[in-house]
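A single structure is presented below for examination.
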Amino acid sequence: MTDSWKPRSFVIAGGTVLTPDGPREVDVHVADGVITSLSSDTPPEGTRTVDARGTYVLPGAIDVHVHSRDPGFPQKEDFGTLTEAAAAGGVTTVIDMPNTVPAVDAAGVLESKAALARSKARVDFGMWALLRSGTTAEELESLADAGAVGFKAYLGYAFSLTRKQVLYSPGLDDPDLETPPDYGTLARLAPVIARLGLPLAIHAEDPGILSAFRRPLETYSDLLAARPPEAEAVAIAAAAEIAGASSVRMHVAHLSSAPGLAAAKEAIRAGAPLSLETCPQYLWLSEEDFPRAGTAMKMFPPIRSAADRDALVDGLAQGVIGLVATDHAPHTDEEKAASFDEAPAGSPGVQTLYVSCLELARRIGDVWLAARWVSEAPAALVGLQETKGTIAPGYDADLVIVDPGKRTLVRPEAMRSRQRHGALDGMDFGFSVREVYLRGAAIWRDGRRVGGATGRMVRPARLGSALP
Ligand code: NCD
Ligand code: ZN
């Protein structure tokens, strides 16, 4: 089999396929990039067959929370390295956050970022757009027309008007800094976003609580004290009120705490249209991992106690938390080697999303749940439910062949991101990604990338407020 092998039609035969009716021993027939049928009928003479006996055939993951750093910080990551890491992990679509530079706050910026991404992307990609305190309804409409999957509000984070950049530690009285988006911004723009039929994602940490507890970060305990769980719970409760009043689909990014989950559960019970995302690092790690992981696990919001971790795993098992994304947020290994206070926050993670979720789902008792968390529910969140997230006739042939008998040890040398060291270093998951197909073309096989920059931008079907 050569790297240039791109047949019009082929069959993935003999694997256990996750179908809409559950796992089945069936063959997946693919033609022109699309799944044509699931059946065990003998294909026409000469049809190319991929032998998938002993494997799982899963829908490609859609990671709705990645930071490509491109344009802006190519030394940290770019669309080439991001999407190579994604392909290696069975992630066939990435949805990029808007805090690149210039930040994605206008249609023209989104279009030039998309052109840049298109020139390097090995997987499909979509774009979140930035909600600023100064954003107008007209700007939201033109961003939606340009293809944004939704809007992201970084509560409390300022925007530099000259540098066109979202800043995480803003000075207070700098005339260059636009007032950060607050609950007023959300309340003003949520009805517009609801009308556009797109989700509104939030970085949910209450700015007032963060500024009251701000302190130098000398130890891991300082980080936990500086960003307490009530900051998350308060922000979620307030955002949920706004979601309920406007019917906007409010998406909580990177949920990290038991109090945050409790606030979200309460709001959902009261009818708020809220969807919840957490990340593998909050499901696998706790503060007790700091001595091993060091600054690699510095991120906002922080990885908290074992009790918070266990509550998030329960929330996922019960289906209250619907999806898992990575908050793949690379920096350079040199930047992360700085003192704990100075090291930037964030860790790479896109490459280990699928295997870490398969392992967690297996431990919960239903390995197939992993595909719901990383593919089906994310597709619904970002309006791709008609083309991706499911293995069924008519869907894009974004397919991952996973070997359930082979383990993946997370080690820096195997990582394709520019930042090699991440929070999950040293972990060992009982699954391995063998082959990955993007719209019917192989992009990863047996530990090697295949093909070129064939990723395309995805646009959401704006179907209103069906929750994932
Ligand atoms: C993210 C980043 O570096 O862009 N950092 C982080 O610690 N999570 C920003 C974010 O997702 O909040
Ligand atoms: Zn965030």
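Do we have any residue at all in segment 171-182 that's within 16 Å of ligand 2 (Cβ to nearest atom) and crowded, with 19+ Cβ neighbours inside 10 Å?
Checked against the condition, which is being within 16 Å of ligand 2 (Cβ to nearest atom) and crowded, with 19+ Cβ neighbours inside 10 Å, segment 171-182 yields at least one hit.
From D78, D70, D96, D63, grab the single residue that is of a type in the set (D, E), more than 18 Å from C279 (Cα to Cα) and within 14 Å of ligand 1 (Cβ to nearest atom).
D70
Could you check segment 130-169 and list, in sequence order, the residues that are free of Cβ contacts under 8 Å to residues at least 40 places away in the same chain, surrounded by fewer than 17 Cβ atoms within 10 Å (Cβ to Cβ) and within 16 Å of ligand 1 (Cβ to nearest atom)?
Listed by number, the residues that qualify are S160, S169.
Criterion first (within 16 Å of ligand 1 (Cβ to nearest atom), of a type outside the set (F, W, Y) and out of contact with any Cys (no Cβ under 8 Å at 6 or more places or on another chain)) does P280 satisfy it?
Judged against the criteria, P280 is not a match.
A further question on this structure: Taking the criterion of being more than 16 Å from ligand 2 (Cβ to nearest atom), open to solvent by less than 50 Å² (accessible area, probe 1.4 Å) and over 25 Å from A114 (Cα atoms), would at least one residue in segment 195-214 satisfy it?
Yes, that holds for at least one residue.
Let me ask something additional. Identify the residue in segment 150-170 that is in contact with a Leu (Cβ under 7 Å, 6 or more places away or on another chain) and part of a loop (DSSP other than H, G, I, E, B) and, among all such residues, is nearest to ligand 2 (Cβ to nearest atom).
Filtering segment 150-170 for residues that are in contact with a Leu (Cβ under 7 Å, 6 or more places away or on another chain) and part of a loop (DSSP other than H, G, I, E, B), the one nearest to ligand 2 (Cβ to nearest atom) comes out as Y157.
On to the next question. Among the residues of segment 64-79, write down those that are within 13 Å of A114 (Cα to Cα) and more than 15 Å from ligand 2 (Cβ to nearest atom).
Scanning segment 64-79 gives D70, P71, D78, F79.
Same structure, new question: Could you grab the pairs with beta carbons closer than 6 Å, sequence gap of 6+ or different chains, first residue in segment 89-113 and more than 16 Å from ligand 2 (Cβ to nearest atom), second one small (G, A, S) and open to solvent by 10 Å² or more (accessible area, probe 1.4 Å)?
V101/G72; A107/S142
Now, a different point. Under 6 Å between Cβ atoms, at least 6 apart or on separate chains: pull out the pairs that start in segment 323-347 with a residue that is assigned to a loop (DSSP other than H, G, I, E, B) and end on any residue that is within 10 Å of ligand 1 (Cβ to nearest atom) and aliphatic (A, V, I, L, M).
A345/M299; G346/M299; G346/A329
Still on this model: For the subset of segment 317-339 comprising residues that are open to solvent by 20 Å² or more (accessible area, probe 1.4 Å) and more than 21 Å from the chain's Cα centre (by Cα), which member is nearest to ligand 1 (Cβ to nearest atom)?
E335
Please state which one of A107, A103, A87 is open to solvent by 10 Å² or more (accessible area, probe 1.4 Å) and of a type in the set (A, V, I, L, M, F, W, C).
Every option except A107 fails the conditions.
Could you tell me whether L189 is open to solvent by less than 20 Å² (accessible area, probe 1.4 Å), away from ligand 2 (no atom under 16 Å from the Cβ) and either closer than 23 Å to Q165 by Cβ or in a strand (DSSP E or B) (or both)?
Details: open to solvent by less than 20 Å² (accessible area, probe 1.4 Å): yes; away from ligand 2 (no atom under 16 Å from the Cβ): yes; either closer than 23 Å to Q165 by Cβ or in a strand (DSSP E or B) (or both): yes.
Yes, satisfied.
Taking I303, is it more than 16 Å from ligand 1 (Cβ to nearest atom), under 21 Å from W373 (Cα atoms) and part of a loop (DSSP other than H, G, I, E, B)?
On the way: more than 16 Å from ligand 1 (Cβ to nearest atom): no; under 21 Å from W373 (Cα atoms): yes; part of a loop (DSSP other than H, G, I, E, B): yes.
Answer is no for this residue.
Which one is farthest from ligand 2 (Cβ to nearest atom), of the residues in segment 259-271 that are surrounded by fewer than 21 Cβ atoms within 10 Å (Cβ to Cβ), aliphatic (A, V, I, L, M) and over 16 Å from P199 (Cβ atoms)?
A270
I would also like to ask the following. Restricting to segment 187-207, name every residue that is under 22 Å from G126 (Cα atoms), in contact with a Gly (Cβ under 7 Å, 6 or more places away or on another chain) and not aliphatic (A, V, I, L, M).
Selection gives G197, P199.
So L255 ticks every box in (1) open to solvent by less than 20 Å² (accessible area, probe 1.4 Å); (2) assigned to a helix (DSSP H, G or I) but one. Which box is left unticked?
(2)
Next question. So which residues in segment 276-295 are on the phi < 0 side of the Ramachandran plot and open to solvent by 10 Å² or more (accessible area, probe 1.4 Å), if there are any at all?
Hits for segment 276-295 are Q281, W284, E287, E288, D289, F290, P291, R292, A293, T295.
Something else about it: So how many residues does segment 223-266 have that are among the β-branched types (V, I, T) and more than 16 Å from ligand 1 (Cβ to nearest atom)? Let's see the steps before the verdict.
We begin by selecting, within segment 223-266, every residue among the β-branched types (V, I, T); these are 234, 236, 242, 248, 252.
Still in the running and more than 16 Å from ligand 1 (Cβ to nearest atom): 234, 242, 248.
Of the residues in segment 223-266, 3 are among the β-branched types (V, I, T) and more than 16 Å from ligand 1 (Cβ to nearest atom).
So the check is Cβ under 7 Å with 6+ separation or different chains; which pairs have a first residue in segment 199-213 that's under 16 Å from V248 (Cα atoms) and a second one that's near ligand 2 (Cβ under 9 Å from one of its atoms) and basic (K, R)?
Pairs that qualify, where the first residue is under 16 Å from V248 (Cα atoms) and the partner is near ligand 2 (Cβ under 9 Å from one of its atoms) and basic (K, R), are A201/K152.
Scan A231, A243, A311, A238 and give me the residue that is over 26 Å from Q351 (Cβ atoms), away from ligand 2 (no atom under 15 Å from the Cβ) and open to solvent by less than 20 Å² (accessible area, probe 1.4 Å).
Just a single option satisfies the conditions, and that option is A243.
The values are calculated or read from the model by the stated rules, or taken from the named source; none is laboratory data. Since we're looking at a predicted model, the values are computed, not measured. Backbone-built Cβ (ideal geometry, glycine too); neighbour counts: all protein chains shown. Ligands, DNA and RNA are stripped out before the accessible areas are found, and what is left, the full protein with its side chains, is counted by its heavy atoms. Shrake-Rupley method; radii C 1.70, N 1.55, O 1.52, S 1.80 Å.
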